[in-house]
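Reviewing the structure listed below.
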Amino acid sequence: MGGPFALGRWLLLFSDFSVFAQGFGITLLVSLFALLLALVSGIVFGLLSMSSIGLLKAVNRVYVEFFQNTPLVIQIFFLYNALPYAGITLDLITIGIVGVGLYHGAYVAEVVRAGIISIPKGQREVASSQGFSYLQSMAYIILPQATIVILPPLANQAVNLIKNTSILALVAGGDLMYRADSWASSGSLSYGPAYIVTGVLYFILCFPLTRWARRFEERLKMREHLSVPEEAANEGAGE
């Protein structure tokens, strides 16, 4: 069939493109639900990290340290191979959602914690003096303000999450990377076209998020730059 990028290999790939489309769909499905799980777990554990109760802080640190300091591939293999011995059998899509979601939830928790810390502590004290509970002050006062700080790194985490779904290829997860490997090794050995198309499909998912995060950060910097002269002018007028 010629070289690794010969025209015949490309024609063969596009004739079997439904294989890649199916893998793309599974990757998109796993990414969406894993991101939802990462956001929920990240917000919950991010709030625990700022709790005044030592036990809740300890629970947060155990979760964050475990998932951040063990490879994702080991966590996926544990879900795939070890859980059945405990009588728990998950399908491959659920393994991807749970494994990737909880892994990135640990990073989202740190992002949420950093966002909360960026808000002046006095606002939490004022909310408490006005009768707001911890959860109420977070929901109505702190988190809405911290969202501006949190969103750009959250977008970066979403990009990393999408790319990390390729780990399912190691357990025959049916995702895009697994379909590309299976198709290329099935006889044509057209790994070059398969990986190029796979990379383009991942790019289609990730590039809009990275562009949005970059533009949002630029807007934040511009807003901060414009606010400094205004504050200086107000101080000067006060004098």
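Odds and ends about this structure:
- The conditions of being over 22 Å from Pro153 (Cβ atoms) and without any contact (Cβ under 8 Å) to a residue 60 or more places away in the chain are met by Val59.
- Residue match in segment 131-148 (condition: surrounded by fewer than 18 Cβ atoms within 10 Å (Cβ to Cβ) and at pLDDT 90 or above): no
- Verdict on Tyr80 being under 24 Å from the mean Cα position of the chain (by Cα), modelled with pLDDT of 95 or more and aromatic (Phe, Trp, Tyr): no
- Set Gly23, Gly46: member being under 30 Å from Ser133 (Cα atoms), touching a residue at least 40 places away in the same chain (Cβ under 8 Å) and in contact with an Asp or Glu (Cβ under 8 Å, 6 or more places away or on another chain): Gly46
- Looking across Val40, Val100, Val30, Val126, one residue alone is at pLDDT 95 or above, more than 25 Å from Tyr178 (Cβ to Cβ) and among the hydrophobic types (A, V, I, L, M, F, W, C). It is Val40.
- Filter result for Leu29 (assigned to a helix (DSSP H, G or I) and under 29 Å from Thr147 (Cα atoms)): yes
- So Ala127, is it touching a Ser or Thr at 6+ places or on another chain (Cβ under 7 Å) and either of a type outside the set (Phe, Trp, Tyr) or under 18 Å from Ser41 (Cα atoms) (or both): yes
- Residue satisfying all of: in segment 1-40; surrounded by fewer than 20 Cβ atoms within 10 Å (Cβ to Cβ) and among the small types (Gly, Ala, Ser); farthest from the chain's Cα centre (by Cα) among these: Gly2
- Those residues of segment 179-198 which are surrounded by 22 or more Cβ atoms within 10 Å (Cβ to Cβ) and among the aromatic types (Phe, Trp, Tyr), in sequence order: Trp183
- Annotation: Gln68 fulfils all but one of (1) farther than 30 Å from Gly23 by Cβ; (2) touching an Asp or Glu at 6+ places or on another chain (Cβ under 9 Å); the unmet one is (1).
- Some residue of segment 49-61 being at pLDDT below 95, surrounded by 12 or more Cβ atoms within 10 Å (Cβ to Cβ), of a type outside the set (A, V, I, L, M) and not in a helix (DSSP H, G or I): yes
- Of residues in segment 78-103 being hydroxyl-bearing (Ser, Thr, Tyr) and in contact (Cβ under 8 Å) with a residue 12 or more places away in the chain, the one surrounded by the fewest Cβ atoms within 10 Å (Cβ to Cβ): Tyr80
- Breaking point among (1) small (Gly, Ala, Ser); (2) crowded, with 17+ Cβ neighbours inside 10 Å; (3) farther than 19 Å from Gly42 by Cβ, for Ala155: (3)
The values are calculated or read from the model by the stated rules, or taken from the named source; none is laboratory data. Being a predicted model, the structure only gives us computed values, none of them experimental. Don't worry about glycine lacking a Cβ; one is built from the backbone with ideal geometry, like all the others, and counts go over all protein chains shown.
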